C-alpha cells in the first residue's frame, strides 16, 4: 500500500496539480485493482514485477495511518534495491516509466487531495487467483503453499512468545524452514516460479519476522531465530 501524505506548499498557493516530486512513488508500489487486469493480460506489467502481501501480513494502512495486519490479500508493484520504491519509478526524472498504462491507484492518486485514493484502500483488489485465472498448475501451487506455509497470527505473536518463549519460537523455526523448503523445491522445478516467486508466494516468512524483533541466522542446514533479549540454547 502506498503511504499518502498531503504535500506542503511553501508558496502559500493551493496545490491543484502533481508537482512530479516522486515522493508517492518512493513510498511503495501501487496495489492492483480488478480494473487493472487488462494491463496484466496485455503483459504491459509482467508478473515478475509484482509482489503479494498475504492476508494478515503487517503493512502500512493509509486510512488508519498505522502499520497493521492486512484484512485481505494485496498484489502490488514490487520495490527495487531492497526498498519499497516502485520498480517503475525513474529517480533521474522523478517520472514513471509505465505512465501510459499505470494502474488505477496511480491514475487516481492526488497527494494534495487523497480522499479518492483512500477510498480504494483494500477494496476491489486483484488476487493471485484472479491473475492466474486459467493457469491451473500455478493456481494449485499457490493453494498448496498457503496450506503448507500459513502465516502466524502477527497480532498475538509477541504475547505468545512472552507466555511460552521456547515453544513459540521453536514453532516459528519450523514454519520458516518449511517455507524455505517449499520455495526451494518450487523454484528448482520451474523457471516461471523462480521469476515470479514474490508474486506467487510473497516474501519469505523469516523476512516478515524482522520487524517483530527477531534475528535470523543459519545453523547447519536450518534457519534459527533469536528474539530480543531471550536467551536460547541454539546448539
Does residue 161 satisfy the criteria of being more than 23 Å from residue 52 (Cα to Cα) and under 24 Å from the mean Cα position of the chain (by Cα)? no
Criterion violated by residue 65 - all others in (1) modelled with pLDDT under 95; (2) loosely packed, with under 13 Cβ neighbours inside 10 Å; (3) over 30 Å from residue 205 (Cβ atoms) satisfied: (3)
Let me spell it out: the conditions are (1) assigned to a loop (DSSP other than H, G, I, E, B); (2) modelled with pLDDT of 90 or more; (3) more than 17 Å from the chain's Cα centre (by Cα), and residue 137 meets all of them except one. Which number is the exception? (1)
Among the candidates 109, 172, residue that is buried (at least 16 other Cβ atoms within 10 Å of the Cβ) and assigned by TED's automatic domain parsing to the domain that holds residue 51: 109
Hits in region 29-57 - residues which are in a strand (DSSP E or B) and crowded, with 18+ Cβ neighbours inside 10 Å: 31, 50, 51, 52, 53
Scanning region 114-134 for residues that are over 24 Å from residue 200 (Cβ atoms) and either assigned to a helix (DSSP H, G or I) or free of Cβ contacts under 8 Å to residues at least 60 places away in the same chain (or both) gives 115, 116, 117, 118, 119
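Yes or no, residue by residue, for (1) assigned to a strand (DSSP E or B); (2) assigned by TED's automatic domain parsing to the domain that holds residue 40; (3) in contact (Cβ under 8 Å) with a residue 60 or more places away in the chain:
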position: 64; (1), (2), (3): no, yes, no
position: 76; (1), (2), (3): yes, yes, yes
position: 85; (1), (2), (3): no, yes, yes
position: 93; (1), (2), (3): no, yes, no
position: 100; (1), (2), (3): no, yes, no
Picking from 177, 130, which residue would you name as being in contact with a strand residue (DSSP E or B) (Cβ under 6 Å, 6 or more places away or on another chain), surrounded by 13 or more Cβ atoms within 10 Å (Cβ to Cβ) and at pLDDT 95 or above? 177
Output the residues belonging to region 16-28 that are buried (at least 17 other Cβ atoms within 10 Å of the Cβ) and in a loop (DSSP other than H, G, I, E, B). 22, 27, 28
Only residues that are at negative phi, out of contact with any strand residue (DSSP E or B) (no Cβ under 8 Å at 6 or more places or on another chain) and part of a loop (DSSP other than H, G, I, E, B): list them for region 181-220, please. 190, 204
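The values are calculated or read from the model by the stated rules, or taken from the named source; none is laboratory data. Note that the structure is a prediction, hence the values are computed from the model and not measured. Cβ coordinates were reconstructed from backbone atoms using ideal geometry, including for glycine residues, and neighbour counts include every protein chain displayed.
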